[in-house]
Amino acid sequence: MNNKEKGDFGEEVAINYLLSKGAKLLEKNYRLKIGEVDIIVKIGDEIVFVEVKSRSNLRYGYPCESVNFKKRKKIVEIAKYYITKNNLHNISIRFDIVEVYLSEKRVNHIMNAF
């Protein structure tokens, strides 16, 4: 499995996980010129922007460690655009990371990651 396939598989695992927790899928791979947000869901009264990181092993560190300042900044900018475009100014938002450990078939959901 190449990195693109691992990423796509991890996103599907994350979506299924979030849906099983009562989330409503709003967007998948929401793209702008500056970047992309993997998943946007509604959980309760909150809009949640989710970055998914999948790993087969920990050779390069924990998945969440790859969501650096630059990546977080892009996600926040995309979220601002999404909120404005969809007139969601009075709704709570948060930024989560879902780590998918492929070899362990395990998911770690980090709420309010940044």
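Which trypsin sites (Lys or Arg not before Pro) from the stretch 12-87 combine a DSSP loop assignment with at most 11 other Cβ atoms within 10 Å? Write out the running numbers ahead of the final one.
Working: sites: 21, 24, 28, 31, 33, 42, 53, 55, 59, 70, 71, 72, 73, 74, 80, 85; in loops: 21, 33, 59.
The qualifying sites are 21, 33, 59.
Going by alpha carbons, how many degrees (0 to 90, nearest 10) lie between the helix axis of 3-20 and the longest principal axis of the chain? That helix lies at roughly 60 degrees to the long axis. The tail of the calculated P(r) for the stretch 1-48, taken as Cα-Cα distances beyond 18 Å, holds 35 percent of the pairs. Candidate values [x] 2, 10, 15, 18, 20, 19, 10, 4, 1, 0; [y] 2, 12, 23, 25, 20, 11, 4, 2, 0; [z] 2, 12, 19, 21, 18, 14, 8, 3, 1, 0, 0 were compared with P(r) over Cα pairs in 5 Å bins from 0, in percent computed on the shown model; the agreeing label is [y]. Legend: distances between Cα atoms for 24/70; 6/73; 24/85; 4/73; pairs beyond 21 Å are 24/70; 6/73; 4/73.
For residue 111 and residue 65 in the same chain, what is the full-extension length gain: residue separation times 0.36 nm, less their Cα-Cα distance, in nm?
Numbers: separation 46, 0.36 × 46 = 16.56 nm, distance 1.46 nm.
Gain on stretching residue 111 to residue 65: 15.1 nm.
Each of 69, 49, 95, 9 was scored by other Cβ atoms within 10 Å of its Cβ. Listed from fewest to most, they are 69, 9, 95, 49.
Taken as Cα centroids, the stretch 84-114 and the stretch 1-69 sit 7 Å apart, rounded to the nearest whole angstrom. Between 40, 78, 91, the residue with the greatest mean-square fluctuation in the GNM of the chain (Cα pairs under 10 Å linked by springs) is 91.
Any read-out appearing in this document is the output of simple, stated calculations on the displayed coordinates, not a laboratory observation. The structure presented is a predicted model; accordingly, all values stated were derived computationally and were not measured. Positions of Cβ are generated from backbone atoms using ideal geometry, with glycine treated the same way; all protein chains shown enter the neighbour counts.
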